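What follows is a short report on a single structure.
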Amino acid sequence: MLASAGVLVGFCGGGGTPLFSGCEIEWLTPQSEYRPTEYIQGWLKFWFDDGQRLNVAKAFQKARVDYIRKVWSKDRELQAEGIFADDSAIAAALDNYAGNLDSAEKTGDLLQREALLTKQLYRYAAKATQHADFSRDHDATDLANGFLNHGNYLAYGLAATTLWVLGIPHGFAVMHGKTRRGALVFDVADLVKDAIVLPWAFVCAKEKMSEQEFRQQILQKFTDHKALDFMFEQVKQQALRESE
């Protein structure tokens, strides 16, 4: 039954995410493991055109904003922590970012605007959870920064799984740079990171959770908000955009 459904069975001490390996030695692949061809072929139809690749990057960013609004609007636990999608500062930041996406002329413009939005989200979440002096530092040892790193890697795992199953190599990025290793993984992970990982890293740090407790919380939220389904939908939609 697994083989007929094209399911890969893997063994991973980390609970399946991040995806540590996708080769035939560590993974038991079904005998009929021919992954779909339409998605990589559709992806390559637009990927070599700078303008079309930029349009896909913009579509991803619009989906990202919509997902933040959706998750923050329905998650009662986040709202109990004082994090709301309709807060005036957040609503204005999201509206401004989404409204300016179409005017971006290159991916560098998108990356600059994305960095500004993420800083605004950090500031908002930090204030809501009493992390007054927070500064994002990947090498810092405080709980909030550690949880952000940890949670982001979990999101990378979901993104890598999505691309592996759909048969799209990680090198065909739309935003993070054509020569960066694994760049498309980062593009796809960005769809859900700000909506789920970012706020919960601050909330869990405030509650002084352990790494394992934080991990379980993030994985549960990925499930609750169907993060993997959302990634699949967005990647498939962009891969088949012309045929639609």
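Readers should treat all values here as calculations from the given coordinates under stated rules, not as data from a laboratory. None of these values were measured; they are calculated from a predicted model. Every residue, glycine as well, gets a Cβ built from its backbone with ideal geometry; the counts of neighbours run over all protein chains shown.
What longest range of the chain stays clear of loop-exposed chymotrypsin sites (Phe, Trp or Tyr not before Pro) (DSSP non-H/G/I/E/B, at most 12 other C-beta within 10 angstrom)? Don't skip to the end; give the middle numbers.
On the way: sites that count: PHE11, TYR34, PHE48.
Looking at the chain, 49-244 is the longest stretch - no exposed chymotrypsin sites (Phe, Trp or Tyr not before Pro) with at most 12 other Cβ atoms within 10 Å.
Would you please state which residues of the stretch 56-76 a label at LYS119 would reach in this model, taking the label point 7 Å out along Cα→Cβ and a backbone N cut-off of under 14 Å?
Answer for this model: none.
Can you give the FRET efficiency to the nearest 0.05 for ASP66 and GLN212, using r as the Cβ-Cβ distance and R₀ = 22 Å?
Given R0 = 22 Å and the Cβ-Cβ separation, E is 0.10.
What whole-number distance in Å separates the alpha-carbon centres of the stretch 43-114 and the stretch 157-179?
19 Å
Grab the beta carbon distance between LEU44 and ASP95, set R0 = 22 Å, and tell me the FRET efficiency rounded to 0.05.
With R0 = 22 Å, the Cβ-Cβ based efficiency is 0.05.
Please find the FRET efficiency linking SER103 to GLN220, where r is the Cβ-Cβ separation and R0 is fixed at 35 Å, and quote it to the nearest 0.05.
Taking R0 as 35 Å, the efficiency between SER103 and GLN220 is 0.40.
Scan the stretch 27-111 for GluC sites (Glu not before Pro) in coil per DSSP, keeping those whose Cβ has at most 16 other Cβ atoms within 10 Å, and list them by number.
Those satisfying the criteria are GLU33, GLU105.
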